[in-house]
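Accompanying notes for the structure given below.
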Amino acid sequence: MEVEQPDREPKKTPFYKYHIEAGAKMVPFAGYIMPIQYAGITKEHLAVRKNVGMFDISHMGEFDISGPDALAFIQKMTVNDASKLEVGQIQYSCMCYDDGGIVDDLLVYRLEDRFMLVVNAANLDKDFKWLESHLEGDVKLVNRSDDYGLLAIQGPVAQKVVEEMCDYDLESMPYYTSAGTNIAGHDVLFSRTGYTGEDGFELYITTHAADDVWAAAIEAGRKYNMQLIGLGARDSLRLEMKMALYGNDIDKTTNPIEAGLAWIVNFNKGDFIAREILEKEKKEKPKRRLICLELEGRAFPRHGYDLVSNGEVIGQVTSGTFSPSLQKPIAMGYLPLKLTRLGNQVDVKIRDKLYPATVVKPPFYKEATHR
């Protein structure tokens with residue numbers, strides 16, 4: 001995960017004071033000052049895998065799209081088929097430029113009176129301008145990002161924690177759905193979603209309710225030894241699941257087909273931006289693919305390190321870490337198609353030394369709640 005240097009004073013989330021009280025290490029990230037760790041990345045990572053943890057992800061962006069032509073607009077702008085969504089359902093999708101490069105990956109929420117797009121924090125301004133520049137028909141687009149705080153409660157015990165906070169029937173709530181509930185006297189939109197591979201919930205909290213909902217979450221989590229989790233562990237958790245990170249694994253130079261996201265591109269729904277380009281890419285097969293690598297030893301592969309085959313640089317690591325769950329180095333990167341077969345070996349260059357790496361089947365971590 002790249003920590004960016006801000007070009008303006010970073011914002012604070014509604015939960016900033018609680019991170020300071022908890023002794024978090026704070027860093028500038030995507031226009032905010034965010035907790036990267038509390039007790040340590042490995043400890044926090046394993047708390048989510050084995051039990052439950054809570055993340056502040058208020059830096060994410062939320063856009064409301066409403067009006068008679070809202071669905072048609074979303075169908076044009078995103079690659080997945082939003083017409084399949086019933087009220088309360090959520091869809092993973094992405095937006096593409098005209099050449100097939102990825103503007104952003106995002107979630108599409110179908111709510112009773114509108115759609116909500118949840119976008120990556122670093123892309124918030126760019127995404128809004130992209131959508132705004134393509135508006136047509138009777139559509140209202142509103143940036144609600146500053147109106148919400150967002151908490152993610154993730155891990156095998158997440159359901160028990162959230163059950164302490166509200167009286168919603170979570171047992172019957174499917175993955176990738178949302179609902180409304182009351183927490184600490186406030187109406188809260190929440191979803192069974194996350195970026196860890198484990199069971200979990202994400203709570204969209206209006207800023208005036210932030211303190212009360214935080215207190216309710218801390219109180220509910222105390223019974224289950226819930227830990228506070230920073231962005232460092234969020235990054236290693238998502239990497240173990242081969243979940244793409246915009247700016248590392250996907251960006252304007254990559255398309256969904258080569259990034260292993262062909263499953264979210266629906267060519268049966270009608271026209272959308274970059275449809276013809278992506279259809280051709282899928283038919284002719286991409287020249288490269290995003291793959292998973294396991295390394296030997298205890299090396300620490302990082303973003304930008306060279307991937308080498310027969311002495312020739314043939315790609316770069318897009319994301320890498322020493323996996324806390326697997327106790328081995330793991331990485332993702334793009335390789336030429338001929339080198340992407342499972343079991344194929346390449347080398348990762350780390351400080352002028354080559355470390356053997358094997359192409360493996362994703363995800364790296366096979367025992368998560370949601371694979």
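The values are calculated or read from the model by the stated rules, or taken from the named source; none is laboratory data. As the structure is a computational prediction, the values presented were derived from the model and not from experiment. Positions of Cβ are backbone-derived with ideal geometry, glycine not excepted, and every protein chain shown enters the neighbour counts.
Tabulated data for the structure shown
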{"item": "Any hit, the stretch 200-215, residues being among the acidic types (Asp, Glu) and either in contact (Cβ under 8 Å) with a residue 40 or more places away in the chain or under 20 Å from CYS292 (Cβ atoms) (or both)", "result": "yes"}
{"item": "One residue from ILE291, ILE277 being in contact with a helix residue (DSSP H, G or I) (Cβ under 9 Å, 6 or more places away or on another chain) and within 21 Å of ASN255 (Cβ to Cβ)", "result": "ILE291"}
{"item": "GLY230 of a type in the set (Gly, Ala, Ser), within 19 Å of GLU44 (Cα to Cα) and either out of contact with any Ser or Thr (no Cβ under 7 Å at 6 or more places or on another chain) or at pLDDT 95 or above (or both)", "result": "yes"}
{"item": "Unique match (being surrounded by fewer than 18 Cβ atoms within 10 Å (Cβ to Cβ) and not in a strand (DSSP E or B)) among GLU294, GLU279", "result": "GLU279"}
{"item": "Scan of the stretch 254-276 for residues that are surrounded by 18 or more Cβ atoms within 10 Å (Cβ to Cβ) and of a type in the set (Lys, Arg), ordered by number", "result": "ARG275"}
{"item": "Enumeration of residues in the stretch 228-276 that are under 28 Å from ALA24 (Cβ atoms) and in a loop (DSSP other than H, G, I, E, B)", "result": "GLY230, MET241, LYS242, MET243, ALA244, LEU245, GLY247, ASN248, ASP249"}
{"item": "Options ILE229, ILE250: the member that is crowded, with 16+ Cβ neighbours inside 10 Å and closer than 21 Å to THR340 by Cα", "result": "ILE250"}
{"item": "Qualifying positions in the stretch 205-227 - under 23 Å from VAL119 (Cβ atoms), outside any helix (DSSP H, G or I) and among the aliphatic types (A, V, I, L, M)", "result": "ILE205"}
{"item": "Helices (runs of 4 or more DSSP H) wholly inside the stretch 1-90 that include at least 2 residues being touching a residue at least 40 places away in the same chain (Cβ under 8 Å) and not assigned by TED's automatic domain parsing to the domain that holds THR177", "result": "70-77"}
{"item": "Condition met for VAL142 (at pLDDT 95 or above and under 20 Å from ASP64 (Cβ atoms))", "result": "yes"}
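Let's see how each residue does on (1) part of a strand (DSSP E or B); (2) under 21 Å from HIS59 (Cα atoms); (3) in the same structural domain as PHE15 (by TED's automatic domain parsing); (4) at pLDDT 95 or above:
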site: TYR168; (1), (2), (3), (4): no, no, yes, yes
site: ALA179; (1), (2), (3), (4): yes, no, yes, yes
site: THR193; (1), (2), (3), (4): no, yes, yes, yes
site: GLY197; (1), (2), (3), (4): no, yes, yes, yes
site: LEU203; (1), (2), (3), (4): yes, yes, yes, yes
